[in-house]
Structures are given as C-alpha cells and as structure tokens.
Amino acid sequence: MSASGGTKAIVAALAANLAIAVAKFVAFLFSGSSSMLAESVHSLADSGNQGLLLLGGKKAQREATPQHPFGYGRERYIYAFLVSIVLFSVGGMFAIYEGYEKIKHPHPIEAWYWPVGVLVFAIIAESFSFRTAIKESNLIRGGLTWTQFVRRAKAPELPVVLLEDLGALVGLILALGGVGLALLTGDGVWDGIGTLCIGVLLIAIAIVLAAETKSLLLGESAGSEEVKRIEAAVVDGETVTRLIHMRTLHLGPEELLVAAKIAVQHDDSAAEVANAINAAEERIRAAVPIARVIYLEPDIYKETATPTATDLTKTPDTDDH
C-alpha cells in the first residue's frame with residue numbers, strides 16, 4: 001500500500017471527524033439527546049484514532065538501530081492495534097453505558113432540529129471521507145473483494161479507515177433512527193436504544209480490527225503472488241539449481257524479509273557460490289522490490305532428505321490474517 005494514499009485517507013477522515021465531533025456535542029448541549037452524546041464521543045475517539053495512525057506512520061520511518069536492527073516498520077501495526085482498543089473502550093463501551101442510562105431514565109429530546117440537522121451534516125461529511133478511503137483503496141485493491149482486501153492488506157491504515165468510516169455512517173443512521181422514533185413517539189427510550197445499537201456496532205468493528213492487526217503483529221508471510229515471484233527469481237538453472245526451502249516475513253507493510261536455502265553445484269568454488277548468491281539477491285529485489293532483507297544459505301540438494309520449497313511455502317491461509 002502506498003503510504004501517501006493511506007495518509008490522504010487518514011487526513012480526510014481526521015478533518016471530517018473533528019468537525020463532526022464539535023457539531024454533535026453542540027447538538028447534545030441543546031437537545032439532551034444521548035445518541036448525540038454517544039456520537040460526539042465516537043467522533044472524538046475516531047479523531048484520536050486517526051492521530052494514532054499518523055503517529056505510527058511517522059515513527060515507522062525511523063532508521064534501524066543496533067537494538068532494533070530490522071527497523072521500526074511494525075510501529076504501524078502497533079498503533080493500528082491501539083486504534084481497535086480505543087474504539088472498543090472509548091467508543092463502544094461509552095455508547096452502551098449511555099444507552100443503558102437513557103433507557104433506564106428516559107427524557108424527551110428538546111430542540112429536535114439540532115440533532116437532526118447535525119446528523120444530516122455528519123452523514124454528508126462522513127460520506128466524503130468514506131469516498132476518499134474507497135478511492136484510495138481502489139488504487140491498490142486490484143481484483144480483491146472488499147472483505148479480501150481488509151483481510152489481506154499488509155498496510156493497516158486504509159482497512160482501518162474504511163471500517164471506521166463505514167461504522168460511522170451506519171452509526172449515524174442508527175442515531176438518526178433513534179432520534180426520529182423518539183420524536184415521533186415522544187418516548188426517549190428510542191434514543192437510548194439507538195445509542196445501544198451504536199455501541200454494539202462499534203464493539204463489533206473493534207473486534208474485527210483487533211483480530212486483523214493481531215495477525216500482522218504476530219508476523220505474516222508474503223502474499224502468494226509475491227512468493228511465486230521470489231521462487232521464480234531465485235533459480236537461474238546454472239549455479240542455483242533449486243530452491244530447497246524458504247520463509248518470508250513482513251517486517252513492516254513495505255519491508256519483507258526473505259530467508260532461503262538454495263541448491264548449488266557440488267563442484268562450484270566459493271567465489272562462484274558467492275557470486276551466485278549476490279545475483280540471486282538482485283533478481284529477488286528486482287522481482288519483489290519490498291524484499292529488503294535477504295538471507296540465502298547455499299547447500300547441496302539431496303532428493304530424499306530435504307522437503308521441497310513447495311512443501312514448505314504452501315501453508316493454509318497464506319494471504320489471510
């Protein structure tokens with residue numbers, strides 16, 4: 001994923017959420033709607049989440065150090081995981097608490113035009129933010145479905161913004177429904193029910209985000225297409241005769257570690273083997289530019305003693321989180 005595309009979507013979402021959070025809180029002050037209070041906290045939490053994503057992207061750009069020799073690329077995964085925690089605790093749990101209190105102690109909505117007007121404005125603003133995230137995602141999504149894109153993306157920013165914006169839009173519709181029913185029936189319980197639904201929605205999205213980013217934190221291999229390109233690039237048929245086995249690991253969204261054992265001719269000199277390894281590394285980097293860290297170990301292939309590269313690289317759910 002391009003960092004610029006992710007940053008553009010994050011900034012668009014941040015600007016929309018800050019404006020919406022202020023508008024929702026003003027509407028809550030004038031109307032007393034619990035849906036408005038829950039939604040204002042939701043938008044404020046989303047703004048903090050986008051700030052966390054921007055901070056993670058900034059920290060991930062630091063140079064490698066002796067203590068962290070592979071760099072800080074996984075900072076982006078850590079901050080994306082923090083986003084799921086914030087969304088669950090601040091957004092979801094607060095909305096459920098507020099909804100419960102409103103159902104237990106209902107009161108009518110005052111100055112109805114404030115929450116209705118703000119919700120309509122918020123839906124328009126969130127739609128523009130969601131449109132930006134969709135547009136940036138389509139540049140790299142290829143033929144993947146949206147579910148596959150969220151599950152397989154190695155860069156967490158766009159999937160996080162997509163799910164947040166989707167949750168925000170659905171939450172706004174739920175809030176508008178709760179406020180509308182409360183106004184039509186004169187019963188403030190509907191406002192509380194709408195708030196509860198918002199909380200359940202936010203917690204569900206937070207759980208999905210936590211599951212996906214946890215897999216990235218644990219360490220994921222390259223996608224199947226990248227593995228095939230690396231396998232094809234390693235073997236030249238002359239000095240490197242076979243890929244015996246290989247492991248790949250994402251050190252960050254745009255940095256891949258490749259470790260492999262390769263078969264060389266038994267009568268090659270040390271200089272020939274060294275040149276073959278250097279040439280294989282160049283071919284790998286040309287085929288998969290994000291392969292930044294490559295370790296190749298030469299060996300003599302034995303047909304009956306060693307598993308093949310295909311046996312070791314074809315693992316279940318290679319692409320999925």
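The values are calculated or read from the model by the stated rules, or taken from the named source; none is laboratory data. Keep in mind that this is a model prediction, so the values were computed, not measured. Note: ideal-geometry Cβ built from the backbone for every residue, glycine included; neighbour counts use all protein chains shown. Heavy atoms of the whole protein, side chains included, go into the accessibility calculation; ligands, DNA and RNA do not. Shrake-Rupley method; radii C 1.70, N 1.55, O 1.52, S 1.80 Å.
Of note:
- Eligible lysines near LYS104 by straight Cα distance, threshold 26 Å, same-chain separation 8 or greater: LYS24
- Within the chain: Cβ-based charge dipole about Cα centre, in debye rounded to nearest 20 (Lys, Arg +1; Asp, Glu -1): 540
- Only lysines eight or more places from LYS302 in sequence, or on another chain, were considered; those with a Cα closer than 21 Å are LYS261, LYS314.
- In whole percents, the pair-distance distribution calculated for the chain from its alpha-carbon pairs, binned every 10 Å from zero, is 6, 23, 24, 18, 12, 8, 5, 2, 0.
- When the pairs LYS59/LYS214; LYS59/LYS135; LYS58/LYS228 are compared against a 21 Å limit on Cα-Cα distance, LYS59/LYS135; LYS58/LYS228 fall above it.
- Rel. contact order, % - alpha carbon contacts under 8 angstrom, at least six apart, the range 1-132: 35
- Taking the accessible area of the range 1-107, probe 1.4 Å, and keeping the other protein chains in place, the carbon and sulfur fraction comes to 71%.
- Take each peptide in 287-293, 271-277, 156-162, count the other Cβ atoms within 10 Å of every residue, and average; sorted highest first, the result is 156-162, 287-293, 271-277.
- For the range 78-94, backbone phi angles converted through the Karplus equation (6.51, -1.76, 1.60; θ = phi - 60°) give residue-by-residue couplings of 4, 6, 5, 5, 4, 4, 5, 5, 5, 4, 5, 6, 6, x, x, 5, 5 Hz, Gly and Pro being listed as x.
- Cα shape, the range 14-56, gyration tensor, a/c 1.5 rule: prolate
- Debye equation applied to the C-alpha atoms of the range 204-288, log10 I(q)/I(0) at 0.14 Å⁻¹: -0.56
- Partners for LYS8 among aspartates and glutamates (Cα-Cα distance below 17 Å; same-chain residues under 8 apart left out): ASP46, GLU126, GLU136, GLU157, GLU164, ASP165
- Amide H within-cut-off set for ILE244, under 5 Å, with H built and near neighbours excluded: LYS261, ILE262, ALA263
- Residue by residue, the range 287-293 carries 3J(HN,Hα) couplings of 6, 9, x, 7, 6, 8, 10 Hz when phi is fed to the Karplus relation 6.51 cos²θ - 1.76 cosθ + 1.60 (θ = phi - 60°); x denotes Gly or Pro.
- Cα long-axis angle, helix 113-141 against the chain (0 to 90 degrees, to the nearest 10): 10
- Fraction of the pair-distance distribution of the range 155-220 above 15 Å, Cα-Cα pairs, percent: 58
- One way to sum up the overall shape of the range 96-243 is the equivalent ellipsoid from its Cα gyration tensor, whose semi-axes run 48, 16, 8 Å, largest first.
- Between 0 and 90°, nearest 10: helix 34-59 axis offset from the chain longest Cα axis: 20
- 222 nm mean residue ellipticity, helices alone, for the chain (DSSP H n ≥ 4; -39,500 (n - 2.57); rounded to 500): -22000 deg cm²/dmol
- Taking the empirical scaling 2.2 N^0.38 Å for compact globular proteins as reference, the range 132-192 has a Cα radius of gyration ratio of 1.61.
- Most to least packed among 139-147, 260-268, 9-17, 122-130 [average Cβ atoms within 10 Å]: 9-17, 122-130, 260-268, 139-147
- A dipole drawn for the range 1-143 from +1 and -1 charges on Cβ atoms has a positive end, and of GLY73, ALA133, ILE109 the residue lying farthest that way is GLY73.
- Acute angle (nearest 10 degrees) that the helix 224-234 long axis makes with the longest principal axis of the chain, alpha-carbon atoms: 20
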